[in-house]
Every structure is written in C-alpha cells, then in structure tokens.
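*Asks:* One structure, pasted below without further comment.
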Amino acid sequence: MSSVVAAGRRHLPRGWSDLGRQLAIWFGFAVLYQVARGIADRKPPSVAFAHGRAVVDLETRFTHRLYELTLQNFVDQRHVLETVVSWTYWNSEFTVVGLAVLFVYLRRHDSFVRFRNSVLIANVLGLFGYIFMPTAPPRLLGLGFADEHRDGIVNLAANPYAAMPSLHAADALIVGVVLFSVCRSRWAKAVWAVWPAWVWFCVMATGNHFWLDCIAGVGVALVSMAVVYRDRLRPSFAARRA
C-alpha cells in the first residue's frame, strides 16, 4: 500500500485523492447526461425529425444544396479516407477528449481546471439543447445519406437525436485550442491547429451533423471558454481600449 501511495505522490500532480475527485466529476457528468437523455427520450421522435427537417429547410434556403451529402459522397469513393473519417468520428468525442484531459492533468496541470471546466460547461449547454430541441441527424432523415451507425451498443449509450448543437464540434474546438496552447512541439501545435476543422469535416461527411449543427457547437464552445477564461480576456480588451 505504501508503494501505491508513493507512486501517486511521484506521478500524480495532487495525489490519489484529487484523481479520485476528478473521476467523480466526470462520472457525475455521465450520470447527468443519461438523465438528460431520459428526459429528451420522453418526446416523440417526430419532434426530432421535424427539427431536423427545419435545419434542412434553413440550409437549403441559403445554399440551395446539402453540402454534407456532397462531402459524404466524396469520402465514400475513397476507402482510406472513409476509414479515417469514420475512425475520427467514433474516437474524437470520447477517446481523444479523454486522452487530452488526462495529458493536461498529468503534464500541464496548471491548465487543467480551466480545460475541464470548458469541456463540462460546453457539454451541459449541449444537454439543454438536446432536451429542448432534440434534432435528428442527416443520416436519419431519408435524404440519401448512408446510415452506418446502427450498432446496438452505440444505440444504447448514445442519444440518436442529439445533432443540435454538435458537441463533437464544440469539444474539438476546445481540445484544439487548449492543446495548441500547452504543447511545445511545432508538429503537435500544427496537428491541434487543424484538429477542429478536421472533426467538423468528419461529422458532416459521416452524415451525423449538418453544418448548422457545427456552427451551433462552435458557438457553445466559444461561450463556454469565454466564461472560463473571462479573467484572461479582460486585460486584452482593456489594452485595446487604451
């Protein structure tokens, strides 16, 4: 037992107790997500489909086409790209976010709390969107998109009507900004600089989000980070006025 305690002191920024507290926060949010999904699921699917069709009408009114369908057709004709895009969609929201949070916690701990709070606030805002405006994704609307996401485990864990706002888009932006700021390698900075745009491309090319969903997700991320980093933003605004 003493060796475990010593290992915690040696490798963990604030010991095992703080790690346990952080895990409790994340698992607590997971419970909150499931509660929110339960509330959203009480609404008939027709509501989510109506909202999805409203997004289609709004997009086609301005662009006269569905660019998301064009992106999916482009990707489907290139097997390697299709595989990478699918992998990105499945892993960007949980695997990459989880590893990014762990990296910042262990190696850049001074930036951890703000990073954690930005992700959590963005996701809480997203939950309100799912409760009050459940929206079907493009792949479920019968618009010609390929629907390759019917896995039973995925359907059990995920909310099928959580397209608006896109938390994939929101979390990718937060991860990209924070990792770009804390990584020291130029290569790492280059990767994280393009990460948000790449994720936005992937979620549209897989038929899981419209570009309006992504814009809403970006808005959620910006609001979240503005709240968390407001004390850092004030000096810059003051300097500009001066």
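*Asks:* Based on the mean of other beta carbon atoms within 10 Å per residue, what is the order of 167-176, 131-140, most packed first?
*Replies:* 167-176, 131-140
*Asks:* How charged is the neighbourhood of V182? Take every other residue with its Cβ under 12 Å from the Cβ of V182, and add Lys/Arg as +1 and Asp/Glu as -1.
*Replies:* Result for the local shell: +4.
*Asks:* Would you mind calculating the gained length between A50 and D18 on full extension (0.36 nm times residue separation, minus the Cα-Cα distance), in nm to one decimal?
*Replies:* 7.0 nm
*Asks:* Could you pull the accessible area for F49 with a 1.4 Å probe, rounded to 10 Å²?
*Replies:* Counting only protein heavy atoms, the figure is 50 Å².
*Asks:* Can I ask one more? May I ask you to evaluate 6.51 cos²θ - 1.76 cosθ + 1.60, the Karplus curve with θ = phi - 60°, for each residue of segment 86-96 and list the ³J(HN,Hα) values in order in whole Hz, giving x for glycine and proline?
*Replies:* 5, 4, 4, 4, 5, 9, 5, 7, 10, 5, 5
*Asks:* While we're on this one: Tell me, what is the FRET efficiency for S86 and Q34 to the nearest 0.05, using R0 = 25 angstrom and their Cβ-Cβ distance as r?
*Replies:* The value I calculate is 0.50.
The values are calculated or read from the model by the stated rules, or taken from the named source; none is laboratory data. Just so it is clear, the model here is predicted, and its values are computed rather than measured. So basically every Cβ, Gly included, is an ideal-geometry build from the backbone, and we count neighbours across all protein chains shown. We work out accessible area using only protein heavy atoms, side chains counted, and drop any ligands, DNA or RNA first. Shrake-Rupley method; radii C 1.70, N 1.55, O 1.52, S 1.80 Å.
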